[in-house]
Amino acid sequence: MNRIYLDNAATTQAAPEVIEAIQTCFRETYGNPSSLHSFGLEARGVIESARRNIAGFINASSDELFFTGSGTESNNTAIKGIVYSLRGKGDHIVTTAIEHHAIHEPLHFLETQGLKVTYLRNDDNGQVDPDDLKKAITGETILVSVMHGNNEIGTLEPIKELGAICRERGVYFHTDAIQTFGHIPIDVREMNIDLLSASAHKLYGPKGVGLLYIRKGVQMTPLLHGGGQEKRLRASTQDTPGIAGFSRAVELAASEMEKEAGRQSRLRDKLIAALLEAVPESTLNGHPKLRLPNNVNMSFACVEGEAALLNLDMEGIAVATGSACTSTSLEPSHVLTACGMTHELSHGSLRLSLGRTTTEEEIDQVIKVLPPIIAKLRAMSPLYKKQGAK
Ligand SMILES: *Cc1c(COP(=O)(O)O)cnc(C)c1O
């Protein structure tokens, strides 16, 4: 059976060119980038050329780019690094209710240490209102963190506008751009971004390599202390092959992003329209237009998302319910809850995230297979029978 992978928001398959770049580096450039001999010099060359390449991709300069071990680490570094560094100045952070756990959890931890956090509300499409941010910033605010594209429902946030408000008020602005980096254009200068997180495995690069953009002049306290790597912000011998793979992934993104965003949004819209049409009592989650090119998130009344996921898996189709990170817990998705959805309906949600290798035939196959699965599950649901098909 040809399997269909529609979980690209959880992770992507590394591109063949990326694997090639990683293998070459493992074979040929194995020196420690901190060593003084020629082996070290060559490894340093790989890392610095990657840094220039990736910095250029988001209109940053290369001394503003720091490699990390994951998107989660980049988010933790951004938040804790600013909090430790600006402790004397204030103790308040503003964020949203729909951030990834890699933002919420470090904040919850810091709340136990006395940090105050305001969680901005969003509308039912998942967008925050810039006026709410204006009201939330106080004299104690040291950081605002709002994600660029939501990993569950795909909604895009008005980053440029939010960044402008922060700039005007003299507050640092961080964005978790892990879902958008390499998928839609990002310009850190034009978008008024002070700190930005990205992760290679979400754009056909290797797992375990992230980056943090830190605008020149922003003071940060490191999380990892040790050697002097990454200008002392992140002690650890750099993952030269991983960084080489990240850089190759960015080159591919730069050349294919526009075409792919167009192609995937067309397939996305086809899938959404077909499912809304074929499945009664189905709804689209997230913003109808301002969403990631590859994100489809829908709720099906009176259906367990997990049951639908497992039935699709038996047909060789891989999707997610809620967020991949929460699918092992019974808590409904905090993102869907923040969009005003009932617990019942959010348990009946599926996320289908398209990718570079997704074909029209695959989308047609999902359109054929999914509606009968929903109908079958509903036929077994006492709740659905009681309500009666509307
Ligand atoms: C995947 C993801 C993360 C975590 O990145 P890792 O590299 O897997 O640690 C954080 N935020 C968002 C929005 C994500 O999609």
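Please treat every number below as a calculation from the coordinates, not as lab data. Quantities reported herein were computed from a predicted structural model and do not represent experimental measurements. Cβ sites come from the backbone with ideal geometry, for glycine too, and all protein chains shown count toward neighbours.
Would you mind working out the magnitude of the charge dipole of the stretch 16-252 relative to its Cα centre, with +1 at each Lys and Arg C-beta and -1 at each Asp and Glu C-beta, to the nearest 20 Debye?
On the way: 23 positive and 29 negative charges, 155 e Å.
Computed about the Cα centre, the dipole is about 740 debye.
Which whole-Hz couplings ³J(HN,Hα) result when phi for each residue of the stretch 164-172 is put into the Karplus expression 6.51 cos²θ - 1.76 cosθ + 1.60, θ = phi - 60°, listed in order with x for Gly and Pro?
Taking θ as phi minus 60°, the curve returns 5, 4, 5, 4, 4, 8, x, 10, 5 Hz for the stretch 164-172.
Could you state the principal axis extents of the C-alpha atoms in the stretch 37-100, from the largest down, to the nearest angstrom?
Ordered largest first, the stretch 37-100 gives principal extents of 47, 26, 20 Å.
Counting pairs on different chains as well as pairs 8 or more places apart, how many Lys pairs in the stretch 16-252 have Cα atoms under 21 Å apart?
For the stretch 16-252, qualifying lysine pairs total 14.
Could I get the Rg over Rh figure for the stretch 128-220? Both from C-alpha atoms, Rh via Kirkwood, rounded to two places.
Details: Rg = 13.4 Å, Rh = 13.8 Å.
Rg/Rh for the stretch 128-220 comes to 0.98.
Per-residue ellipticity at 222 nm for the chain, helices alone: DSSP H runs ≥ 4 residues times -39500 (n - 2.57), over residue total, nearest 500 deg cm²/dmol? Provide the component values of the computation, followed by the final result.
Details: 12 runs with 162 residues, N = 390.
Taking each H run of at least 4 residues, the total per residue is -13500 deg cm²/dmol.
Obtain the nm distance between the two label points defined at Ser236 and Ala254 by a simple spin-label model: each point lies 7 Å from its Cα along the Cα-to-C-beta direction.
2.6
Taking the Cα centre of the chain as the origin and placing charges on Cβ (Lys, Arg +1; Asp, Glu -1), which of Ala274, Leu233, His201 is farthest toward the positive end of the dipole?
Value computed over the given set: Leu233.
For the chain, state the semi-axes of the equivalent ellipsoid (square roots of 5 times the eigenvalues of the alpha-carbon gyration tensor), sorted largest first and rounded to whole angstrom.
37, 27, 17
Indicate, rounded to the nearest 5 percent, the antiparallel portion of the DSSP beta bridges found entirely in the chain. Display every interim value, and only then the final one.
Numbers: 21 of 39 bridges.
Antiparallel: roughly 55 percent of the beta bridges in the chain.
To make sure I understand the rule: partners must be lysines, Cα under 20 Å from the Cα of Lys376, and not fewer than 8 residues away in the same chain. Which ones qualify?
Once the sequence-local lysines are set aside, what remains near Lys376 is Lys368, Lys385, Lys386, Lys390.
Per residue, how much space in cubic angstrom lies within the convex hull of the C-alpha atoms of the stretch 239-284? Please list the in-between numbers first.
Values: hull volume 4.1 nm³, N = 46.
Dividing the Cα hull volume of the stretch 239-284 by its residues yields 90 Å³.
Between Glu17 and Glu361, what FRET efficiency comes out of the Förster formula 1/(1 + (r/R0)^6) with R0 = 25 Å and r the beta carbon distance, rounded to 0.05? Could the numbers behind the result be given before it?
Details: r = 24 Å, r/R0 = 0.96.
Computed FRET efficiency for Glu361 and Glu17 comes out at 0.55.
Using R₀ = 56 Å, calculate the FRET efficiency as 1/(1 + (r/R₀)^6) where r is the Cβ-Cβ separation of Ser34 and Ala261; round to 0.05.
Efficiency, rounded to the nearest 0.05: 0.90.
Compute the relative contact order of the chain as a whole-number percentage, counting only Cα pairs closer than 8 Å that sit 6 or more residues apart in sequence. Please list the in-between numbers first.
On the way: 759 pairs, mean separation 87.3, N = 390.
Once normalised by length, the contact order is 22 percent.
Can you list residues from other chains, or at least 5 along the same chain, whose modelled amide H is less than 5 Å from the amide H of Thr155?
Counting only residues 5 or more places away or on other chains, the set is Asn150, His287, Leu292.
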